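Comments concern the structure below.
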Amino acid sequence: MKIILQDNVPKLGNAGDIVEAKRGYYRNFLEPRGLAVVATKGTLKKREEDREALERKAQKAHDAAVALGERITQLPPIEIPIKAGESGKLYGKVTNKEISQKLEELIGEPIDKRGIKIKEEVTALGDYEAQVKLTPKVQVECSVKVVVEGNFVKDKPPADKDKDKEKETEGGEAPKKEGKARKGKKSAATEEE
């Protein structure tokens, strides 16, 4: 079915475009959100009349996105505090949501977390590059610096199997592990009793 888009829809088109869409997609997604209307003679005529207003609105939104993009590129590296071990390995992950929240704090404008793409996976402390997509035509780069939140957390030493062997040779027996025995099997503790 032919529809007229009322707003930009990713992977479908921009406001004012006449596109083909399936009935279910239109009825269940586009129409309830006010993103599209059915293309009839009346709506096509109204579209021509409203085209200038839509173009002005689109140009105004583009100019605002360009200005916002310039403000983002002028920012110093965005510092994201996160817990990390002494070796610099992170406990957790830096996500698009954290970057968008930090950007919102710094510039005072809402940034959609879905428009942020980090070029490489953030696995350690350091500097990273992120791409912020404000509109389909306006994309900017920003620097993200991952820093330690508070103090370093002591890294856990690797599990030593040698310590268990030392205890086994010193005491004559392996250290007993407490816990429930499985059905049908007897544990070493129940056999000795």
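The values are calculated or read from the model by the stated rules, or taken from the named source; none is laboratory data. Only a predicted model underlies this, so the values are computations on that prediction, with no experimental measurement involved. Cβ atoms come from the backbone with ideal geometry, glycine included; neighbour counts cover every protein chain shown. Heads up: the accessible areas ignore ligands, DNA and RNA and are worked out on the full protein's heavy atoms, side chains in. Shrake-Rupley method; radii C 1.70, N 1.55, O 1.52, S 1.80 Å.
Checked against the criterion of being within 30 Å of residue 16 (Cβ to Cβ) and modelled with pLDDT under 90, the candidates 95, 135 yield just one match: 135. When every residue of region 97-105 is checked against the conditions, at least one turns out to be part of a helix (DSSP H, G or I), within 30 Å of residue 146 (Cα to Cα) and either more than 29 Å from the chain's Cα centre (by Cα) or in contact (Cβ under 8 Å) with a residue 40 or more places away in the chain (or both). Looking only at region 101-119, filter to residues that are among the basic types (Lys, Arg) and surrounded by 14 or more Cβ atoms within 10 Å (Cβ to Cβ); which one of those is nearest to residue 8 (Cα to Cα)? Going through the qualifying residues, I end up with 113. If the condition is being exposed (fewer than 14 other Cβ atoms within 10 Å of the Cβ), β-branched (Val, Ile, Thr) and in a loop (DSSP other than H, G, I, E, B), then region 120-153 contributes only 123.
Flag set for residue 117, criterion: modelled with pLDDT of 90 or more and either in a loop (DSSP other than H, G, I, E, B) or closer than 17 Å to residue 143 by Cβ (or both).
How many residues, within region 21-36, are closer than 25 Å to residue 59 by Cα and open to solvent by 50 Å² or more (accessible area, probe 1.4 Å)?
Initially, region 21-36 is screened for residues closer than 25 Å to residue 59 by Cα, giving 30-31, 33-36.
Those left that are additionally open to solvent by 50 Å² or more (accessible area, probe 1.4 Å): 31, 33.
Total meeting the criteria: 2.
When 70, 55 are checked against the criterion of being surrounded by fewer than 16 Cβ atoms within 10 Å (Cβ to Cβ) and over 30 Å from residue 143 (Cβ atoms), 55 stands alone in meeting it.
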